[in-house]
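Engineer: I'd like to ask you about the structure that follows.
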């Protein structure tokens, strides 16, 4: 039953995103009197073809058997179907190739436009319907906060509780409020509660440039101090190979205390690619020793429990007028974080093989219990990510077509169908190879490594 719930959530989310994305191509095509031959959810490649189909007017609507995407087949367009027979005939008025460049451009960017708008809209409706969870600072007074190295160098200590920034009370745990106070309001004093005594920290004059210069995500500057419990050990990583289980608490590394998660990071960085011995507390009573190797990124492959496991969160309600810009801001922040992550991969600072995943990894994120808030959060995030990925200038993706069309608009010279066909073929096999690689990584992590 758990697996059914997991798959059902993923397929519902994926179907919603695909149908609306393809609708973004379909509707402009119809408006510009361009014939759409097929509108498919999922792919209907041989040998099984479609699971269901129906013909309405010039368009065949259907559901394919391969849930890796969907498509609209537009007459007179070189696409991944590789159907180029019609292109050998003279252009017809209803074909894509007969339309002005500006109309073809609108048709091609329709899908990503819908996905961006959908992502922002869902985030906005979530703020309006669910509100925004926040953590009262009173909830973290017992263990305090853990700080980034930039703040530690400026006089903060792990375990401090921020109570005031400048003259403003810090009543909610909100890293964004800290950044805004320092960068925008030029705050130079921070009051913290340390060992039950109030202490004032004088920030350096260049604190704002230090924060912004690092280009850290705001949430990386500080976090509530949490014990180091294992929520999940990821397949293929050191932790699961060493036998760590959900609920285990890591209390030491080579004899050094890690009662809190922030104590683990510095020790891990000092032992990159080295074998260490972890002290584990299991079932809150049994002490075990587990040996494993810290990765070159300083990780062991575990996920932490959510904040709600330790702290009582409250929610801020949003009006519709406030939720709309809030949703856009949340979507932009998500996209910005993804771009930073991709940049780290390209620079080799994050291992691609450890962070790239296929539909298996994405599907597992939905969980085995039906949670609407998590469902819509993931759907909005995937919608924005799908829009970005489709904008990449790779032939066979929307972004590849857009590049050719922008060239045509700028120069007045149209790219020949022969070049388009070769480019799309190359792009198709490039994307297919990437998908197979990602799928293979997931099979290795989630299936084969359980037996080898």
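None of the figures in this text is laboratory data; all of them are computed from the coordinates on show. Quick caveat: nothing in here was measured; it's all calculated off a predicted structure. Cβ coordinates were reconstructed from backbone atoms using ideal geometry, including for glycine residues, and neighbour counts include every protein chain displayed.
Engineer: FRET efficiency for residue 180 and residue 271, Cβ-Cβ distance as r, R0 = 51 Å, nearest 0.05?
Structural biologist: 0.90
Engineer: Relative contact order of segment 123-258, please, whole-number percent, based on alpha carbon pairs below 8 angstrom and at least 6 residues apart.
Structural biologist: Averaging sequence separation for qualifying contacts and normalising by length gives 22 percent for segment 123-258.
Engineer: Quick one: if you stick a label point 7 Å off each Cα along the C-beta vector at residue 48 and residue 23, how many nm between them?
Structural biologist: According to this spin-label approximation, the distance is 2.6 nm.
Engineer: If you line up the long axis of helix 417-446 against the longest principal axis of the chain, both from Cα atoms, how many degrees apart are they, to the nearest 10?
Structural biologist: Roughly 40 degrees, rounded to the nearest 10.
Engineer: Consider just the alpha-carbon atoms of the chain and return their Rg together with their Dmax, both in angstrom.
Structural biologist: My reading of the Cα-based Rg and Dmax gives 26.0, 83 Å.
Engineer: Here's something else I'd like to know. What do you get when you divide the Cα radius of gyration of segment 1-75 by 2.2 N^0.38 Å, with N the number of residues?
Structural biologist: 1.20
Engineer: Nearest 10 degrees is fine. How inclined is helix 2-31 to the longest principal axis of the chain, computing both from alpha carbons?
Structural biologist: 50 degrees
Engineer: Taking the Kirkwood radius as the inverse of the mean 1/r across Cα pairs, report the Rg/Rh of segment 136-224.
Structural biologist: The Rg/Rh ratio comes out at 0.91.
Engineer: What do you get when you divide the Cα radius of gyration of segment 5-143 by 2.2 N^0.38 Å, with N the number of residues?
Structural biologist: It is 1.41.
Engineer: Right, here's the next one. Run the numbers for residue 138 and residue 102: contour at 0.36 nm per residue of separation, minus the present Cα-Cα distance, in nm.
Structural biologist: 7.3 nm
Engineer: Would you compute, from DSSP H runs of 4+ residues alone, the mean residue ellipticity of the chain at 222 nm, taking -39500 (n - 2.57) per run and dividing by the full residue count, rounded to the nearest 500?
Structural biologist: -14000 deg cm²/dmol
Engineer: Using Cα atoms only, what is the angle between the long axis of helix 398-411 and the major principal axis of the chain, expressed in degrees (0 to 90) to the nearest 10?
Structural biologist: The angle comes out near 60 degrees.
Engineer: Between residue 303 and residue 437, what is 0.36 nm times their sequence separation minus the Cα-Cα distance? Round to one decimal in nm.
Structural biologist: 45.9 nm
Engineer: Going by C-beta contacts inside 10 Å, put 359, 122 in order with the fewest on the left.
Structural biologist: Ascending Cβ contact count within 10 Å gives the list 359, 122.
Engineer: Would you mind computing, in nm to one decimal, how far apart the modelled labels at residue 337 and residue 199 are, each placed 7 Å from Cα along Cα→Cβ?
Structural biologist: 3.0 nm
Engineer: Taking the Cα-to-Cβ direction at residue 317 and at residue 2 and moving 7 Å from each Cα, how far apart do the two end points lie in nm?
Structural biologist: So the two model labels end up 3.7 nm from each other.
Engineer: State the dimensionless ratio Rg/Rh of segment 359-452 (Rg: radius of gyration of Cα atoms; Rh: Kirkwood radius).
Structural biologist: With Rg and the Kirkwood Rh in hand, the quotient comes to 1.14.
Engineer: So, one more: For segment 185-259, what is the Kirkwood hydrodynamic radius in Å, using each pair of distinct C-alpha atoms?
Structural biologist: Taking the inverse mean of 1/r over all distinct Cα pairs, segment 185-259 comes out at 16.3 Å.
Engineer: Mean 1/r over all different Cα pairs, inverted: what Kirkwood radius does segment 232-307 give, in Å?
Structural biologist: Roughly 12.3 Å, rounded to one decimal.
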